[in-house]
Every structure is written in structure tokens, then in C-alpha cells.
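Shown next, in C-alpha cells, is the structure this report addresses.
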Amino acid sequence: MLTDIHDPAVRSRALDALAARGVRLPTFAELADPTTIDPAIAAELSGVDPDAPHPRNLFRVHWHNDESRRGLSPVPGHVVLPSVVTGVDAPIVVLFGDRFPMIGAHKVLAAYACLVPRLVTGRFDPVEQRALWPSTGNYCRGGVAISRILGCRGVAILPEEMSAERFEWLGRWVVAPDDIVRTHGSESNVKEIYDACASLSRDPRNVVLNQFRELANHVVHREVTARAVERVHAHLAEGRGSLRLSAFVSATGSAGTLGAGSALAKRHGAKVVAVEALECPTLLANGYGAHHIQGIGDKHVPYIHDVMGTDVVAAVSDRATDALFAVANDPAAAPALDRRGWPAAVRAALRHFGFSSFCNVLAAIKTAKTLGLGSDDALYTVATDGAALYPSELPRIRARLFGGAVDPAKAEAALARHLDGASIDHVRELDHQERLRIFQLGYFTWVEQQGVPLAEFEARKSRTFWDELPSRIPAWDAAIRAFDDELRARAR
Ligand SMILES: Cc1ncc(COP(=O)(O)O)c(C=O)c1O
């Protein structure tokens, strides 16, 4: 549970170190509802750059940052994709992750959630230990940002083929160059990341915060992200009571974000849709392979994936996500969007979409077609990060899919093929046997390879296991509040 105080001396050292840096810590409840954040802290925030390693930015690790990313928005930033864009009657609603502070992606939320229960209970020593953040690029940046604020060493462990923008960002934020560990391959080479962690963690000063394994990652999305989706839904349903929250769609890396689906399924009967790259169809077909949808598809079933609570698996090709990313970001494609009559609000929102965002949208379209969803069925998903993280990928895509250059006719052909052509292929509604197949695939990673005890692994088959997890939040929040009270007292 990580709620009892493990080592009072470590906790006390953490308090001294954090107080000296002026750190204060938000609770999970505050991140779920930032209007409850202490007004004195909210006032301080207005003068803080959202992309600076400033301690108050911890209080911006939520979905309610406004367009400027400095103030609060009562409804989380989102865009509703209408049928003129998607070709389906069901509205597809995308929440913007690039409004999160420091890294422009919501993975900083997962990083905070994985570290803070350890920090406030004396399980992590920010003075003596280094935090290791295994990731395909955004979680490790979130971890490095949190580490920098706390004044501890944070080590990013990521595949060497991730985007140049990620490495540039890391170069600016790590304390020492050897705090970036490049492992072999691309986003689907997670085994290599684990191997690097295993080797580094032989040194007790290195603490691995494994997002694929830490239940706090599931829990934080189950609480914070699900509440954000519900707030958007309540906003859209105002004056339109017939609108249902019918599905939550998320391409899975760690499957943390998909945790929001577990809450939305329970409270609204939403279908939970896990998405992966067609070139690496692990959930769909026990498959493997490399792909270009950065951040997802890690060739294994994460420990924190609530497989038995997943209703649909959908796979999307990286040719489709590459093509749509280029059409959205290459000015030469604009006439094609004009001709299709895409609304200005959608055009303006495209800058919030990275590759996995297009993947989520395409999967939502495929889901709407597969399940026969209509205009009263809203599908919710996230744009984990935005286009700003990937300009360096455009030349590759132009060469790969557009014969070297995008033009309006090629853009229209790409839209016809990949957007209009999004079909019910490679979508599977899961019955019990199919869920079991995916669940059992996880055995090889977690029990055989990573040494998780069998009984612990199998406990995750039961609904009770997952439904009891949110009860950790009040206990974690109490521990955070107690720690934060002491920080405040030391600051006086
Ligand atoms: C760009 C991007 N999209 C999607 C995901 C998947 O999110 P999750 O790890 O919560 O499944 C990640 C995770 O790192 C990501 O970086």
C-alpha cells in the first residue's frame, strides 16, 4: 500500500531537503479538483513559468490548465470531433495533455503519482538516492522534471530511437549527461529498458519507478483523469441530457491512462478500449514488431493493465498516424482540409495532437463503427502530447508516404485512405476467453521474467482487486498532507 512510514530518518531527510527548496506537495484530491488548491499557492502560480523547474509547477500537474497554461480552466481543455471530420455520428472528444506543465504531456502526472507515496513515507531518499524512470520518452521526462524540482538525481532510461525533441529536452533538464541512458531500439523494445533497470538497480542508491508496474499510475488516472473526463462530459451534456459517456479509448504504453476507463466503466458503463499499433499487435494477436507511434505498444502486457476490465482492443497502423500527422502539420495540406470543411476549432486543435493522439482518434472511429455507436454516444480519449514534440519526424514521413513532398491531392488521398477508410478491421470485442488470453500473456513478463510471485500476479484477475485500489487515495493523501504540513511549518 505504501502508506505506513517506512523509515523516519529518510523521511526527515527528505523534509529537510524539500523545505530548503521551498517545495510543497499537492494531494491526489487537489490534482483531481484543482479549485481546492490553497488560494495562496494558486496566487503564487500566476507568476511562475509553466515550463520552468519551479516547485509550484507541481500544482499544475492536472487537466485544468487553461490555454495559456498559467491559469485554471473550469472545464479541461478538449476538442469535440464532429462527423464531418470523423465520418461517424458519435462525437469523439479529445482531452489535451500538452497543457500539463514542464513536459507538455500528461505523463508528468504518472511520474508524480509513482514517486510521491514513496517520498512522503520515507521510502525514497532524495538526498542519497537516484530516481530511475524507465520509459519510451514522456514518462521519463516527467520523472526528470519532478526529480529536478525535488533536488534529486533523476535518470531517464529510454530507447535510442525516440524523437530528437525528447532528447533535446532531456539534455536541458538532467543534472548530468549520464542521467540519460539510451537503450537499444524503439518504443516496442521495453525488455531492453527493463534489463538496463535491473543492472542499474544493483546499486541500492538507484530506485526504479517502473510505470508499467506501479499501481499508483493506474490509480492516479482512475481518479484524476476520470474526473477530468467526467467534467468535460458534464459540460457537453448540459442541455443535452441524452448524451452518454459510452467509451474511453486509450493507446497503451504503461496502460496507466486506461485506468481512467476502469472508473468510467464502473460509474457510467463506458466501454474500455485499449489501443495498440498494428505493427506490434501484442494484445490483439500476441504479436510483436517495431512501429512509429511513439509512446505506445511495448510488446508486453503491463502489470497495471486492468485486462479483465477491458472491453475492446483496436489496432491502428503507424502509416495512418504518420499520414494524419503530416496532413495536420504540413501547410501544403491545408487546401485539403479547407475543401473538407473542417471547422476552425478542429483545425486549431490539431497542434495538440502527437502521433498517439491520432492513433486514439482513429481507434475511437473504429470503435464507434464496430459497436454501432450513434450521436448520443460520446467517446472520450486523450491527446497525450502535442505536435510540438515531433517536427523532426516530418521529413521521414514525407519521404515514407508522400513521395518526398505533401501536396493537396496527396493530402486528400491520405485522408480518404486513413480517415474515411478507418474500418472495423483489427478491432476485437473481448469475451471472457479473449480477456484471459491477454491476461495470461502477461505471465511471461511478470512472473517468469520479472519475478512477481504467481499469487500476486493472479490476484489481478479479480474485479475486487481493481475496485479496491482507489481506496488507497485517502491514505496517500493523508500521508501527503501530513508531510506537506511539516514542510509548511519548516518554511515559517
Ligand atoms: C505520447 C504517448 N502516448 C501514449 C502513451 C501511453 O500512455 P500510458 O502509458 O498511460 O498507457 C504514452 C506513454 O508514455 C505516451 O508518451
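For segment 156-294, what is the convex hull volume of its Cα atoms per residue in Å³? Write out the running numbers ahead of the final one.
On the way: hull volume 20.8 nm³, N = 139.
So the per-residue Cα hull volume is 150 Å³.
Which value at 222 nm does the chain reach when only helices count, each DSSP H run of 4 or more adding -39,500 (n - 2.57), with the total divided by all residues and rounded to the nearest 500 deg cm²/dmol? Mind showing how you got there, number by number?
Values: 22 runs with 210 residues, N = 492.
The per-residue figure over the chain is -12500 deg cm²/dmol.
Give me the one-decimal nm value for the distance between modelled label points at F444 and A491, 7 Å along each residue's Cα-to-Cβ direction.
In this crude label model, F444 to A491 measures out at 5.0 nm.
May I ask you to derive the FRET efficiency for Q433 and E468 from their Cβ-Cβ distance with R0 = 30 Å, giving the value to the nearest 0.05?
Numbers: r = 25 Å, r/R0 = 0.85.
Calculated value: 0.75.
Rounded to the nearest 20 Debye, what is the dipole magnitude of segment 47-99 about its Cα centre when Lys and Arg each give +1 and Asp and Glu each give -1 at the C-beta?
Numbers: 5 positive and 6 negative charges, 44 e Å.
It works out to roughly 220 debye.
Once you compute Rg and the Kirkwood Rh from C-alpha atoms, what is the Rg to Rh ratio for segment 1-135?
On the way: Rg = 17.6 Å, Rh = 16.7 Å.
Checking Rg against Rh, the ratio lands at 1.06.
Could you tell me the calculated FRET efficiency between D420 and D376, based on Cβ-Cβ distance and R0 = 30 angstrom, to the nearest 0.05? Walk me through the numbers before you get to the answer.
Numbers: r = 23 Å, r/R0 = 0.77.
In this case the efficiency is close to 0.85.
Hey, got a sec? Which GluC sites (Glu not before Pro) in segment 160-242 land in a DSSP loop and have at most 14 other Cβ atoms within 10 Å? Could the numbers behind the result be given before it?
Numbers: sites: E160, E161, E165, E168, E187, E192, E214, E223, E230, E238; in loops: E160, E161, E187, E214, E238.
For GluC sites (Glu not before Pro) across segment 160-242 that sit outside H, G, I, E and B with at most 14 neighbouring Cβ atoms in 10 Å, the list reads E160, E238.
Looking at segment 1-105, which GluC sites (Glu not before Pro) are DSSP coil and have at most 13 other C-beta atoms within 10 Å of their C-beta?
On the way: sites: E30, E44, E67; in loops: E67.
Taking segment 1-105 and a limit of 13 other Cβ atoms within 10 Å, the loop GluC sites (Glu not before Pro) found are E67.
Just to confirm the filter: which trypsin sites (Lys or Arg not before Pro) across segment 134-209 are DSSP coil and have at most 11 other Cβ within 10 angstrom of their Cβ? Intermediate results must be reported in sequence, preceding the final value.
Values: sites: R141, R148, R153, R166, R172, R182, K191, R202, R205; in loops: R202, R205.
Those satisfying the criteria are R202, R205.
How big is the Cα convex hull of segment 1-441 in projection, averaged over all directions, in nm²?
On the way: hull surface 80.2 nm².
It is 20.1 nm².
Can you tell me the length gained on complete extension of the stretch S199 to A234, counting 0.36 nm per residue apart and subtracting the Cα distance? Don't skip to the answer; put the middle values down first.
Numbers: separation 35, 0.36 × 35 = 12.60 nm, distance 4.75 nm.
Stretched out fully, the S199 to A234 stretch lengthens by 7.8 nm.
Zone of D33 (label point 7 Å along Cα→Cβ, backbone N under 19 Å): which residues in segment 469-492?
470-482
Among L243, L371, rank each residue by its count of other Cβ atoms within 10 Å, from fewest to most, as a rough exposure measure.
Working: L243 17, L371 20.
With the sparsest Cβ surroundings first, the list reads L243, L371.
Rounded to the nearest 0.05, what FRET efficiency do A413 and V80 give with R0 = 22 Å and r taken as the Cβ-Cβ distance? Could you check?
On the way: r = 26 Å, r/R0 = 1.20.
The value I calculate is 0.25.
For E128, project a label point 7 Å along Cα to C-beta. Then give me every residue of segment 1-35 with its amide nitrogen under 14 Å of that point.
Residues 6-15 fall inside that zone.
In nm, to one decimal, how far is the modelled label at A475 from the one at A52, with both set 7 Å along Cα→Cβ?
Result: 3.9 nm between the two label points.
Listed here are the pairs K191/K366; K266/K299; K107/K299; K299/K461; which of them are more than 22 Å apart at the Cα? Intermediate values should be presented prior to the final figure.
On the way: K191/K366 30 Å; K266/K299 28 Å; K107/K299 20 Å; K299/K461 20 Å.
Too far apart for the 22 Å limit: K191/K366; K266/K299.
Label points 7 Å out from Cα along the Cβ direction at I41 and A334: separation in nm?
Calculated label separation equals 4.3 nm.
On a full-extension model of 0.36 nm per residue, what is the gain between E160 and D178, subtracting their alpha-carbon distance, rounded to one decimal in nm? Could you put the intermediate results ahead of the total?
Values: separation 18, 0.36 × 18 = 6.48 nm, distance 1.39 nm.
Here the segment from E160 to D178 would lengthen by 5.1 nm.
Going by C-beta contacts inside 10 Å, put W173, W466 in order with the fewest on the left.
Working: W173 19, W466 24.
Going from least to most buried by this count: W173, W466.
Can you give the charge dipole size of the chain about its Cα centre, rounded to the nearest 20 debye, using +1 on the beta carbon of Lys and Arg and -1 on the beta carbon of Asp and Glu? Could the numbers behind the result be given before it?
On the way: 55 positive and 58 negative charges, 87 e Å.
Dipole size: approximately 420 debye.
Read-outs: derived from the displayed coordinates by stated rules, not from any lab. Everything numeric in this text was worked out from a predicted model, so none of it was measured. Virtual Cβ from ideal backbone geometry, glycine too; neighbours counted across all protein chains shown.
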